[in-house]
């Protein structure tokens with residue numbers, strides 16, 4: 001997706017430890033015009049799929065999932081919580097997720113009322129590195145006896161194991177920008 005690649009090349013910053021900082025347009029400040037194009041592209045790539053819910057993980061995936069929802073007949077967006085406030089009640093589906101960027105493990109939770117057996121769930125997230133967030137979300141959907149119709153990723157670190165882990169789950173994976181490597185603090189795409 002050229003508009004996304006151009007934005008990453010212009011505004012993204014490569015930090016130590018293979019971290020790509022895109023907070024000026026994806027995960028701190030959000031470029032809604034870009035998100036709209038991302039939503040259209042996810043619709044194009046998953047156009048043959050019925051989607052009744054869109055699932056993401058807090059927090060960076062929420063904005064992208066919400067904008068994407070309008071292209072799937074405004075399917076409800078559900079997000080897995082990493083931390084629970086006092087207003088979370090009811091039974092939850094749970095999965096353990098390790099964050100590559102934050103170097104910590106958490107238990108994500110989704111209220112059982114929001115994913116039902118038979119739902120057709122499209123998972124959307126901002127990054128795919130080692131695949132742990134997407135794998136946790138797939139686990140949650142399967143606990144609910146729902147169907148994962150696909151995983152849509154904005155930026156994939158193609159040099160890490162995420163793609164292999166998700167493809168072993170038998171799930172369609174679509175990444176809009178795939179990074180081959182970081183070289184001299186620059187992004188090199190596939």
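The table below lists the values:
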read-out	value
Hits in segment 127-154 - residues which are in contact (Cβ under 8 Å) with a residue 60 or more places away in the chain and closer than 22 Å to residue 48 by Cα	137, 141, 146, 149, 150, 152, 154
Number of positions in segment 48-68 that are touching a helix residue (DSSP H, G or I) at 6+ places or on another chain (Cβ under 9 Å) and free of Cβ contacts under 8 Å to residues at least 24 places away in the same chain	1
Cβ pairs under 7 Å, 6+ apart, first in segment 3-26 and free of Cβ contacts under 8 Å to residues at least 60 places away in the same chain, second assigned to a helix (DSSP H, G or I) and surrounded by 13 or more Cβ atoms within 10 Å (Cβ to Cβ)	3/34; 3/37; 7/34; 24/11; 25/7; 25/11; 25/34
Residue that is farthest from residue 171 (Cα to Cα), among those in segment 89-117 that are part of a loop (DSSP other than H, G, I, E, B), without any contact (Cβ under 8 Å) to a residue 40 or more places away in the chain and over 17 Å from the mean Cα position of the chain (by Cα)	89
Residue tally, condition over 25 Å from residue 92 (Cα atoms) and either within 17 Å of the chain's Cα centre (by Cα) or buried (at least 17 other Cβ atoms within 10 Å of the Cβ) (or both), over segment 142-178	18
Qualifying residue in segment 69-83 (condition: assigned to a loop (DSSP other than H, G, I, E, B), over 30 Å from residue 180 (Cβ atoms), in contact with a helix residue (DSSP H, G or I) (Cβ under 9 Å, 6 or more places away or on another chain) and free of Cβ contacts under 8 Å to residues at least 60 places away in the same chain)	yes
Breaking point among (1) surrounded by fewer than 21 Cβ atoms within 10 Å (Cβ to Cβ); (2) touching a strand residue (DSSP E or B) at 6+ places or on another chain (Cβ under 7 Å); (3) in a helix (DSSP H, G or I), for residue 181	(3)
Test: residue 65 is crowded, with 19+ Cβ neighbours inside 10 Å and assigned to a helix (DSSP H, G or I)	yes
Residues satisfying the stated conditions in segment 133-158, i.e. closer than 21 Å to residue 15 by Cα and touching a helix residue (DSSP H, G or I) at 6+ places or on another chain (Cβ under 8 Å)	153, 154, 155, 156, 157
In segment 2-16, residue nearest to residue 102 (Cα to Cα) [restricted to those that are surrounded by fewer than 18 Cβ atoms within 10 Å (Cβ to Cβ) and in contact with a strand residue (DSSP E or B) (Cβ under 7 Å, 6 or more places away or on another chain)]	15
Verdict on residue 154 being part of a strand (DSSP E or B), within 16 Å of residue 2 (Cβ to Cβ) and at pLDDT below 95	no
Residue satisfying condition, being out of contact with any strand residue (DSSP E or B) (no Cβ under 6 Å at 6 or more places or on another chain), within 14 Å of residue 123 (Cα to Cα) and in a loop (DSSP other than H, G, I, E, B), within set 169, 160	169
Residues of segment 39-61 satisfying the condition of being under 19 Å from residue 97 (Cα atoms) and in contact with a strand residue (DSSP E or B) (Cβ under 6 Å, 6 or more places away or on another chain)	54, 55, 56, 57, 58, 60, 61
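The values are calculated or read from the model by the stated rules, or taken from the named source; none is laboratory data. Keep in mind that this is a model prediction, so the values were computed, not measured. Reconstructed Cβ throughout: ideal geometry from the backbone, glycine too, with neighbour counts over all protein chains shown.
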